[in-house]
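J.: Below: one structure in structure tokens.
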Amino acid sequence: MALIDVDMPIIPLSSVAQMLSAKLRTLRMYEERGLLPTREGGKRLYSLNDLRIIAFVHYLASFKKVNANGVKFILEMLNEHLDKEQKDALLRSVEELIAKVSPKEIDEEVENF
């Protein structure tokens, strides 16, 4: 039995924004464009695994300046062509890249996203 269920949706979007040093409005914009994991029901709660994907989306959009269609394409490729182990390895390497980027750089918002 795992101590922490990494797939349980317990983190509100406002906390995700704080963790990523992102603006809540930016994350809502990603959500409106269908870039964030979807949840049933009215609450925007995300799991630890969802947080990894959201961080990846934020990195692509804010730091790498990938537009919404590009992010959707990349996410589709991740989901369709990588198994869980490969996907985890890729997300770990992206997390390492994010850790090297200063918060000021990653917090830049994309106005024309």
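No value in this document is a laboratory result; all are computed from the given coordinates. What you see is a predicted model, and the numbers here were worked out from it, not measured in a lab. Cβ: placed from backbone, ideal geometry, glycine included. Neighbour counts: every protein chain shown.
J.: May I ask you to list the residues in the stretch 15-56 that are small (Gly, Ala, Ser) and within 17 Å of Ala68 (Cα to Cα)? Before the answer, list the steps.
T.: Of all residues in the stretch 15-56, those small (Gly, Ala, Ser) come to 15, 17, 21-22, 34, 41-42, 47, 55.
Hits for the stretch 15-56 are Ala22, Gly34, Ala55.
J.: Looking at the stretch 70-87, which of its residues are touching a helix residue (DSSP H, G or I) at 6+ places or on another chain (Cβ under 8 Å) and not in a helix (DSSP H, G or I)?
T.: Selection gives Leu82 alone.
J.: Taking the stretch 53-67, which residues are assigned to a helix (DSSP H, G or I) and crowded, with 18+ Cβ neighbours inside 10 Å?
T.: Ile53, Ile54, Ala55, Phe56, Val57, His58, Tyr59, Leu60, Ala61, Ser62 - these are the residues of the stretch 53-67 that are assigned to a helix (DSSP H, G or I) and crowded, with 18+ Cβ neighbours inside 10 Å.
J.: Could you check the stretch 32-50 and list, in sequence order, the residues that are closer than 22 Å to Leu90 by Cα and either among the basic types (Lys, Arg) or not in a loop (DSSP other than H, G, I, E, B) (or both)? Quick ask: steps written out before the conclusion?
T.: Of the residues in the stretch 32-50, the ones closer than 22 Å to Leu90 by Cα are 34-38, 46-50.
Tyr46, Leu48, Asn49, Asp50 - these are the residues of the stretch 32-50 that are closer than 22 Å to Leu90 by Cα and either among the basic types (Lys, Arg) or not in a loop (DSSP other than H, G, I, E, B) (or both).
J.: Considering Met77, Met29, which residue is in contact (Cβ under 8 Å) with a residue 60 or more places away in the chain and farther than 20 Å from Val101 by Cα?
T.: That would be Met29, the only listed residue that is in contact (Cβ under 8 Å) with a residue 60 or more places away in the chain and farther than 20 Å from Val101 by Cα.
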